[in-house]
Amino acid sequence: MTVVLSPSARLRVRVVRAVAGLAAGALAGSLALVPAVSAAAAVVEPPFTGGSVVVESLRSAGETHPSYNSDYGAEISGFRPEPSSYTYQWLRDGAAIEGETGWRYLSSPADVGHEVSVQVTAHRTGTTSTSATSTPFTVRPRDTMHVNYGLSWIGSPWESNFCYCQISDGMSAGLPGSGATAQALIAYPTSGSYAAGTDPSTDSDEMPAPFWFETEGYVQGLGWSGQKYRDNIPYVGSIGQSRRFEAFRITPGGPHVSFYDVWYRAYSPKYGWLGWAKNGENAGTTGYGYRIEDVQIRVLPKGKAPTASGTGNAPFYDKATQNQVTVQPYLRPDGWQPLVHGGSTAGLTSTSQRLNAVRVDVTGLRYSGGVQVSAKVEGDGWRPYVGDTKVAGTYDSTDRTSAYKMRLTGEMAEQYDIYYRVYVAGTGWLGWAKNGAGAGTESYGQRNTAVQVVLVKKGERAPMNGNGRAAYQR
């Protein structure tokens, strides 16, 4: 049977259908705005519970508590649920130690007397990260850094079972004046509190040695060369070749290099004890064929220095450098004496004569320029500077000369410093003057008998004043 709706009824049906369509569309739109929720995201991890960390000694010299030692590790336990990873921050007196963000920490001398701890943060996806900090402990005083060293001699057989390390901390490794000739140097740092090494090696956990030496030696006929090993003994120089060991340099390395300096000096029969060199500077001589009969080495905290050699010599003399300088002294009454080169004594240290004038010349191998010299002469005072080979002082009158000033010119002044000192009868060598400062005495009554002149490359170590004497005595 067919039902026929009236016009008014058909209108009501259309209205109802339209309203229903709008409602359905609105519902669909609102559902489209609701994001899909994955089954994995719906799982919420519980927060961490428990969790602690303690600091343990990874190396010890008897006492196991970390306050006595220097190599620490973070031992973690108790975090639930199990973390997927950890991050670390080591602390000194509660403040972060810059760069120390591993599970292991090599304590430095800066920690002594301070509290050390470690903060560990546990991480896991879906769980809020949680931190735990170890109980702080005060780091006790510990052994500092030392050095062991020794020399091997020409004519003596190499002993594979001998460590060549029986000398330490500034003691003499040879016998000055013995006539013995060193062929090799063995030297390395050591400490009762640190695992110091002979090179930047690491242990099984990739922890570097805190302090090591990078040593080079100058050998007759071979020049400079680095460290070698024989029977696991590190050395510089040569073995069994009858070659002189003439110079060396020791550069410290390692995480603790900012806390220590290494100082060293050589004994050469020509000069006696040379001055102290430091941290990679040259010690000894090159180009002269002079042997080394003794060495001394020290490791000192930053800011400390050994006492100057009583000789006041420079730490290092290179023949090519010093041959750029010549000095001719005039001794009254004998007259002009032979020329000498830089680093040698012009005049005499045991004489009744007086040094009354000098001729100084500087001729650079690679650089232009020269030297100017001024002399302090009785009756005149400081005379004007004179150039290369000109006479500074007086040799044709009875007036006495008591002091000198020297300065470089041209490119030589840009590349080198000129040092000079005067020997005074009854006193000895005065201190070193430099680049135009006065060297000698105010009084004309004192008698100068000799002078030394040395060129030092800019940036290299200056000679130390022997016996603490000033360069100019008033």
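Dipole of the chain, Cα-centred, from +1 at each Lys and Arg C-beta and -1 at each Asp and Glu C-beta, to the nearest 20 debye?
Details: 42 positive and 39 negative charges, 272 e Å.
So the magnitude is around 1300 debye.
Between Asp334 and Glu115, what FRET efficiency follows from the Cβ-Cβ distance if R0 is 45 Å, with the result rounded to 0.05?
With a Förster radius of 45 Å, E is 0.05.
Pairs on different chains or at least eight residues apart, Cα atoms closer than 22 Å: how many lysine pairs in the chain fit?
23
Does a label point 7 Å from the Cα of Glu378, set along Cα-to-beta-carbon, have any residues of segment 410-449 with amide nitrogen under 12 Å, and which are they?
443-448, by backbone N distance to the label point.
Please state the relative contact order of the chain as a whole percent: Cα pairs under 8 Å, 6+ residues apart?
On the way: 1144 pairs, mean separation 41.0, N = 474.
Contact order relative to length: 9 percent.
State to the nearest 20 debye the size of the charge dipole of segment 218-265 about its Cα centre, where the only charges are +1 on K and R beta carbons and -1 on D and E beta carbons. Mind dumping the intermediate values first?
Numbers: 6 positive and 3 negative charges, 33 e Å.
Approximately 160 debye in magnitude.
Give the whole-number value, in cubic angstrom per residue, of the convex hull volume spanned by the C-alpha atoms of the chain. All intermediate terms of the calculation are to be shown ahead of the outcome.
Numbers: hull volume 155.9 nm³, N = 474.
Once divided by residue count, the hull of the chain is 329 Å³.
Projecting each Cα onto the charge dipole of the chain (Lys/Arg +1, Asp/Glu -1 at the beta carbon, about the Cα centre), which of Gly275, Thr449, Thr181 comes out farthest on the positive side?
Thr449
Multiply the residue separation of Arg474 and Glu216 by 0.36 nm, subtract the distance between their alpha-carbon atoms, and state the gained length in nm to one decimal.
On the way: separation 258, 0.36 × 258 = 92.88 nm, distance 4.31 nm.
So the chain would gain 88.6 nm between Arg474 and Glu216.
I'd like to compare 217-223, 362-368: which one has the highest average count of other Cβ atoms within 10 Å, and what's the full order after that?
Values: 217-223: 17.7, 362-368: 14.7.
Those peptides, ordered most packed to least, come out 217-223, 362-368.
What FRET efficiency, computed as 1/(1 + (r/R0)^6) with R0 = 35 Å and r the Cβ-Cβ distance, is obtained for Glu56 and Ser258, rounded to the nearest 0.05? Could you put the intermediate results ahead of the total?
Values: r = 26 Å, r/R0 = 0.75.
Efficiency at R0 = 35 Å is approximately 0.85.
Based on the mean of other beta carbon atoms within 10 Å per residue, what is the order of 277-285, 120-128, most packed first? Can you show the working numbers first?
Numbers: 277-285: 21.7, 120-128: 15.3.
Taking the mean over residues of other Cβ atoms within 10 Å, the ranking is 277-285, 120-128.
Compute the FRET efficiency between Arg140 and Ala305 as 1/(1 + (r/R0)^6), taking r as their Cβ-Cβ distance and R0 = 25 Å, and round to the nearest 0.05.
Details: r = 27 Å, r/R0 = 1.10.
According to the calculation, E is roughly 0.35.
What is the sum of charges, Lys and Arg at +1 and Asp and Glu at -1, for the other residues whose Cβ falls under 14 Å from the Cβ of Glu378? Don't skip to the answer; put the middle values down first.
Details: positive: Arg332, Arg354, Lys376, Arg383, Arg400, Arg447; negative: Asp380, Asp396, Asp399, Glu442.
For residues surrounding Glu378, the net value is +2.
Cα centroid distance between segment 380-419 and segment 429-474, in Å?
13 Å
For Glu45 paired with Asn323, estimate the spin-label separation in nm (one decimal), with each label point 7 Å from Cα along the Cα-to-Cβ line.
It is 7.4 nm.
In the chain, what % of DSSP beta bridges are antiparallel (nearest 5)? Before the final figure, lay out each step's value.
On the way: 111 of 117 bridges.
Percentage antiparallel, nearest 5: 95.
Considering the Cα positions of segment 275-348, please state its Rg to one decimal place and its Dmax as a whole number of Å.
For segment 275-348, the Cα-based Rg and Dmax read 16.0, 51 Å.
How would His256, His146, His341 rank on accessible area, largest to smallest, probe 1.4 Å?
On the way: His256 5, His146 50, His341 80 Å².
Heavy-atom accessible area, descending, gives His341, His146, His256.
For segment 269-295 and segment 64-127, write down the distance between their C-alpha centroids in whole Å.
For segment 269-295 versus segment 64-127, the Cα centre distance is 46 Å.
How much accessible area per residue does the chain have, in Å², with a 1.4 Å probe? Let's see the in-between values first.
On the way: 22480 Å² over 474 residues.
Per-residue accessible area for the chain comes out at 47 Å².
Grab the other residues whose beta carbon is less than 11 angstrom from that of Lys405, score K and R as +1, D and E as -1, and report the net.
Numbers: positive: Lys376, Arg383, Arg407, Lys434; negative: none.
Once positives and negatives cancel, what remains is +4.
Suppose accessible area is computed on protein heavy atoms with a 1.4 Å probe; arrange Trp90, Trp212, Trp382 from highest to lowest. Walk me through the intermediate numbers first.
Values: Trp90 0, Trp212 30, Trp382 90 Å².
Ranking Trp90, Trp212, Trp382 by accessible area, largest first, yields Trp382, Trp212, Trp90.
The values are calculated or read from the model by the stated rules, or taken from the named source; none is laboratory data. Source: prediction; values computed, not measured. FYI the Cβ positions are ideal-geometry reconstructions off the backbone, even for glycines, and counts take in every protein chain you see. Surface areas here come from the heavy atoms of the whole protein model, side chains and all, with no ligands, DNA or RNA. Shrake-Rupley method; radii C 1.70, N 1.55, O 1.52, S 1.80 Å.
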